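Accompanying notes for the structure given below.
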Amino acid sequence: MTDPTGPAGKGSLEARIAEGAGVGYLVRPIPTTLDHEIQSALTTPAASERWSLLQPRFGPEQAPTLRAFAERAAARAVREGASHHLDAALIALALAGLEQGSREALLILPLIHDSAVRLGAPPEDLFERVATQVGAQAAESLRGFRERTNKSIAQMGYVAEGAGPTFRYRRTW
């Protein structure tokens, strides 16, 4: 008998997201319980096992919420001065479509790069570290972004606002 709250069960995080737990999530105050749950789900498995454990659990039904999480995690990293949120953001984007070449996921990469720069964390190291933990297409997307000359958040339709606990990335589209 399988555990209904486990990775494939009705009460699991991915099932709750697919059933609407992520509705309105992008604009909620940062952080929320859902932020903590997603962060934990994405970073708890050992790096060497992460992709093989996560990829079967998260699919297109969770992609919009995972993309929102990545946006929120980029802002949260700056607010808290904690770059570990950026690893989770990139893993979320890999699961939310980078593996399939999703344009929507690619639009969020500049936020994570910008956050790393603001924190003084070398973005090249961050992108490469996560590239070694995800699927081949997502890794290629991360490495390709790293090589781009223009990584501007403005080019992707975002502005940075506020400072400290009010810092956020706002969409201009």
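Just to check I understand the Karplus step: with θ = phi - 60° and J = 6.51 cos²θ - 1.76 cosθ + 1.60, what whole-Hz values come out for region 99-109, glycine and proline as x?
5, 9, x, 4, 5, 4, 6, 4, 4, 8, 3
How far, in nm, would the chain grow between Ser152 and Ser40 when pulled straight, counting 0.36 nm per residue and subtracting the alpha carbon separation?
37.4 nm
Need one number: nm distance between label points at Leu26 and Gln137, each 7 Å from Cα along Cα→Cβ, rounded to one decimal.
2.2
So which residue, out of Arg148, Arg50, Arg76, gets the largest mean-square fluctuation from a GNM of the chain using Cα contacts under 10 Å as springs?
Looking only at Arg148, Arg50, Arg76, the largest GNM fluctuation is found for Arg148.
Report the dimensions of region 98-145 along its three principal axes from the alpha-carbon atoms, largest first, rounded to Å.
30, 21, 13
Where does the chain land at 222 nm, in deg cm²/dmol rounded to the nearest 500, when only DSSP H runs of n ≥ 4 count, each adding -39500 (n - 2.57), divided by all residues?
Estimated from H runs of four or more residues: -14500 deg cm²/dmol.
Readers should treat all values here as calculations from the given coordinates under stated rules, not as data from a laboratory. Note that this is a predicted model, so its numbers are computed, not measured. Please note: Cβ atoms are built from the backbone with ideal geometry, for glycine as well, and neighbour counts cover all protein chains shown.
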